[in-house]
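Notes follow once the structure below has been shown.
The values are calculated or read from the model by the stated rules, or taken from the named source; none is laboratory data. Please read all numbers here as calculations on a predicted model, not as lab measurements. Glycine gets a Cβ as well: all are built from the backbone with ideal geometry, and neighbour counts include every protein chain shown.
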Amino acid sequence: MTTHTNPPPPAQSATRASADEKSTAALATGWLHTAKFLTTAPQLHFLPALEVPEIAFVGRSNAGKSTCINILTQQKQLAFASKKPGRTQHINLFALGKQGITDAVLTDLPGYGYAAVPKADKIRWQQVMANYLVTRENLKGIVLMCDPRQGLTELDEILLDIIRPRVEEGLKFLIILTKADKLTRSEQAKILSITKLQAGGGEVMLFSATKRQGIEEVSKLLWQWAHPASEVPRAD
């Protein structure tokens, strides 16, 4: 006689899925909290060759990049957040991993587009960043910070064009709409929809350091980028 096993009822499946989501979120946020300074470099050739996955944060100056990194890693001064945009002039690497074992690296790239920065510095930073995005072999994902009140600027579009060939080859890509708390819900929905159309296959998420919006969602995505899906534990 054949015995059939009935599937769990919908309520039980929903509870299990919710538990899995919470487990993954806790794992991802805890992982990001292990971030520590690794090295800094004014030019690409000063960076160490690494084999672990690297995730780069880029964006226009004053888009909230450093603040986002600090909130995700739960460290107030890991990335240099200044009231004067354009102060981050080097490539800064932060190691991630528990028990002292680095399993991924976050990269904070120089901000771009700030008017008060000398033109020569702008050109140099843009060249360094472009070279990094095109040639860094272990780069697995790019996070572009965007102030939703301005939307994607011409410089953001140039950056998207630079990385598009690598995205087509499998490079992960996320646009974070920072400072979402400064928009109404209808404004958030509108800019989210518009940016998704502009993203060209990349993901888009709303984020607010003030309201702690989007922290778990971004954390989980970065964890998934850096680790095979099979390594993400499931709740029992």
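Worth pointing out:
- Flag if SER193 is within 18 Å of GLY59 (Cα to Cα) and among the polar types (S, T, N, Q): no
- Scanning the stretch 15-56 for residues being at pLDDT 95 or above and of a type in the set (Phe, Trp, Tyr) gives a total of 1.
- Residues in the stretch 108-158 that are hydroxyl-bearing (Ser, Thr, Tyr) and modelled with pLDDT of 80 or more: TYR132, THR135, THR153.
- Residue in the stretch 138-154 that is of a type in the set (Gly, Ala, Ser) and either crowded, with 17+ Cβ neighbours inside 10 Å or part of a helix (DSSP H, G or I) (or both) present: yes
- When ALA209, ALA189 are screened for being surrounded by 15 or more Cβ atoms within 10 Å (Cβ to Cβ) and either small (Gly, Ala, Ser) or modelled with pLDDT under 90 (or both), only ALA209 passes.
- If the condition is being surrounded by 15 or more Cβ atoms within 10 Å (Cβ to Cβ) and within 11 Å of LEU160 (Cα to Cα), then the stretch 196-206 contributes GLN198, ALA199, GLY202.
- Neighbours by Cβ (under 9 Å, 6+ apart or cross-chain): first from the stretch 41-59, touching a residue at least 40 places away in the same chain (Cβ under 8 Å) and closer than 22 Å to TRP225 by Cβ; second among the acidic types (Asp, Glu) and part of a strand (DSSP E or B): ALA56/ASP108; PHE57/ASP108; VAL58/ASP108
- Members of the stretch 72-91 found to be crowded, with 22+ Cβ neighbours inside 10 Å and modelled with pLDDT of 80 or more, listed by number: LEU72, ILE91
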